[in-house]
Structures are given as C-alpha cells and as structure tokens.
1. State, as an integer percentage, the relative contact order of the chain based on alpha-carbon contacts under 8 Å between residues 6 or more apart.
2. Take the alpha carbon atoms of segment 260-294, find their center, do the same for segment 155-201, and report the distance between the two centers in whole angstrom.
3. Is segment 211-326 best put as rounded, prolate or oblate by its Cα gyration tensor, with a ≥ b ≥ c the root eigenvalues, rounded for a/c under 1.5, and otherwise prolate when a/b is larger than b/c, oblate when not?
4. Angle check, please: helix 100-111 long axis (alpha carbons) against the longest principal axis of the chain (alpha carbons), in degrees 0 to 90, nearest 10.
5. Between helix 17-28 and the chain, what is the angle of the helix's C-alpha long axis to the longest principal axis, kept within 0 to 90° and rounded to the nearest 10?
6. For segment 260-417, what is the convex hull (Cα atoms) projected area averaged across all directions, in square nanometres?
7. What order, most packed first, do the peptides 89-102, 17-30 have when packing is the mean number of other Cβ atoms within 10 Å of each residue?
8. Restricting to Cα pairs below 8 Å that are 6+ residues apart, what does the relative contact order work out to for segment 8-78? Please round to a whole percent.
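Read the figures in this text as sums done on the coordinates, not as results from a lab. In this text, all values refer to a predicted model and were calculated from it rather than measured experimentally. We place every Cβ from the backbone using ideal geometry, glycine too, and count neighbours over all the protein chains shown.
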C-alpha cells in the first residue's frame with residue numbers, strides 16, 4: 001500500500017484478481033493508492049453499491065471525486081491521462097517493452113535526436129518494477145525500489161521527447177526494406193525505420209490444475225511488492241531460489257510473521273547473490289526448504305494451504321497459508337516472432353549478433369553483405385535487448401547497458417546500412 005497526499009481509493013473483495021491487477025498496476029506506476037476491503041453490505045454502501053457480492057466491484061475513487069466500477073487497466077490509464085495514440089505516422093525508432101532495457105533505449109535514442117516511441121503492454125518497469133528493493137544497481141548504495149527506478153527512467157525518457165504508449169500490446173510485425181511495422185492488439189499500426197525488442201519475460205506458472213482459480217486470491221506471481229503491507233503477521237510461502245525470490249523474502253519478512261522459502265535445488269548458493277544469501281540466513285523468521293516443490297493448492301474461494309513434496313524422500317507436507325508468491329523465472333514474450341521470420345532459440349529467446357553465425361557464416365536468409373551487429377536479429381534493423389535476448393545476463397544493470405548499446409547499433413544501421 002502506497003502513501004501520498006492524493007490517493008486512488010480501491011474498494012474490492014478480498015481474493016479479487018481484478019482488484020489485485022489494479023493494485024499491482026498502480027504500485028508499479030508509482031501512483032499512491034489505498035486499499036479498502038469490502039466484507040459486508042455496509043462496507044459496500046460506503047463504495048456506492050448495495051451488496052458485497054455486487055459484480056461491479058472493484059470500485060476506484062479518484063482524487064477528483066470521480067469513480068469507476070470494475071474498471072479495466074486501459075480505462076484507468078485513460079483516467080490518469082496516460083493513454084494516447086501515436087503522434088507521428090513514422091518514427092526513427094520503435095521500442096517494444098518499457099522495462100529497464102526499453103527505458104534505457106528510450107533515454108539514449110530520444111536524447112540523441114531519434115524520433116522515439118515506446119510501446120508497453122502493462123506498466124513501465126517490467127519485472128524489475130515489481131521488485132521491492134534493488135540493492136546491487138550502481139549508484140544506489142542504499143538500494144532503490146524497482147517502481148521508483150522505473151518512474152525516474154520514464155520521466156527522463158519523456159523529458160528528452162520519447163513517447164510512451166501504455167496499455168498497448170504488439171501482436172504482429174512486418175519487415176520490409178527500410179520499414180519496421182508493428183501491429184498492436186487494438187489495431188494501431190506503428191511504422192519505424194528501426195526497432196528494438198525489449199519485451200522481457202513473463203512469469204512462469206507452477207503448472208497445477210487449479211492455479212488460475214487462486215490468482216489474486218492467495219496466489220501471486222513475482223515479488224508482490226504491492227501486497228507486502230497486507231501480509232502483516234501472516235505466514236507467507238515463496239517459491240523460487242533466484243534473486244527475485246530472495247528479495248521478496250527479505251521484503252515480506254519485515255511485516256509477515258514467518259516466511260517459508262520453497263526451493264527445488266539442494267542449495268541457494270548457485271542461484272542467489274551472496275548479499276541476499278547472508279541476509280536470508282540471518283533472518284530469524286525466514287525458513288528455507290530445499291529439494292522441495294509445490295504439488296497442490298488447497299482452498300475453496302481463497303487459498304488455504306499448499307502441499308509441498310520433498311524431492312529426495314517423496315514425503316509430503318501441508319503448509320497453511322493465504323499468501324503464496326511464485327518467483328520461478330519466466331518465458332520470453334516472443335510469440336509474434338515465429339510469424340515474422342525472426343530466429344529464436346529453443347527457449348523462445350531472440351538470437352542476435354554473433355550467435356546468428358553458423359560455421360563462420362550468418363544464418364540463412366541474412367540479406368546484407370555486412371555481418372549482423374552485436375544486438376541485431378536476423379532481420380536487419382530489428383534489435384533485441386535485455387532478458388528477451390538469447391544469452392543475456394538476467395540483471396537490471398545488464399539490461400540497462402544493452403538498451404543503451406542497442407541505440408548505438410541503431411545509429412549504425414540508420415546511417416551506415
């Protein structure tokens with residue numbers, strides 16, 4: 001829950017996936033909000049409705065006194081004044097994704113005079129935007145919240161003249177000589193001389209039969225920073241052994257009664273940064289279960305318990321909890337690439353630069369005499385940066401560096417061919 005002088009108030013039922021999506025979006029967008037749970041008809045009347053089971057929940061009340069019933073994220077972006085169409089018929093550079101790589105590319109592209117547009121399907125910041133605290137990013141010795149870092153980068157990019165289109169999702173691409181055309185889900189067409197794919201990755205799911213039923217009703221993907229204030233004196237489970245899981249455990253341990261960290265591997269040493277590992281071992285209310293995996297989610301309308309299997313002994317253990325955060329990595333957002341002829345590896349990541357070579361020759365179909373630039377895909381003028389790229393280092397600083405580097409190669413492509 002975020003504090004501030006002018007808040008968006010969200011009235012909704014506990015366990016509402018739609019209410020959770022709104023909280024998550026506002027948190028990542030650095031918009032102050034207050035969450036008011038509706039548990040009775042009396043509570044419902046405070047929100048302007050008669051019954052607690054009214055399907056018009058959640059209700060959002062904005063600082064100007066207006067309200068929306070069961071709003072979509074797009075409707076909220078419109079209300080906040082963030083939703084708009086492209087201002088140009090053609091750009092020098094189109095960037096897909098507003099995570100650290102995309103925002104970095106936007107800053108360097110716009111500041112160097114390129115007519116730049118950024119298309120983002122959700123909120124700025126990507127997965128990094130949901131991180132409660134990034135402590136190993138250069139220049140922030142005390143750490144910085146991912147949402148705060150993303151907001152600073154967004155403001156910086158816009159100050160240089162970059163356009164950011166929120167609540168827009170690219171679904172198809174066409175590439176012809178000198179044109180990179182992206183088609184968005186709402187029918188908008190983005191035409192640009194060059195493009196950078198920085199769409200990042202989506203959260204992996206557990207793969208359990210009733211998983212979708214508990215989304216927002218006890219099950220959350222990622223570090224869940226927007227939910228931290230709601231976990232006071234609660235027993236929380238976190239699945240994952242990487243840095244995002246470690247950061248979530250430390251953040252939630254400040255308010256939760258106890259944290260159980262469920263890890264498939266036999267140790268955290270190979271997957272967790274040393275500074276996080278030391279703090280987790282020192283925290284009295286964080287307990288690590290290695291060689292463990294979640295095999296069942298138990299509950300009726302809300303998550304009530306989680307069954308965990310020991311992968312060595314085969315024994316099962318049930319953990320009573322209403323809070324399960326899943327931080328087990330993700331898969332790249334590259335579904336559009338296959339139809340556009342863009343090469344991917346077996347995991348779906350975009351192949352770029354030297355990795356396109358086979359037997360010292362570029363991949364089949366490369367149309368130019370020169371070799372592909374370092375971050376360039378097999379389509380000239382289409383680059384990839386950040387987590388979506390094959391072989392990338394999954395760190396915020398690395399993504400920022402790749403975004404800036406990609407703009408350098410964009411310049412080479414635009415002015416040298």
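1. Values: 946 pairs, mean separation 63.3, N = 417.
Once normalised by length, the contact order is 15 percent.
2. Each part's Cα centre sits 39 Å from the other's.
3. On the way: a/c = 1.77, a/b = 1.14, b/c = 1.55.
Oblate, since a/c reaches 1.5 and b/c is not below a/b.
4. 40
5. 60
6. 13.8
7. Working: 89-102: 27.0, 17-30: 21.6.
Packing order, densest peptide first, comes out as 89-102, 17-30.
8. Numbers: 98 pairs, mean separation 24.2, N = 71.
For segment 8-78, the relative contact order is 34 percent.
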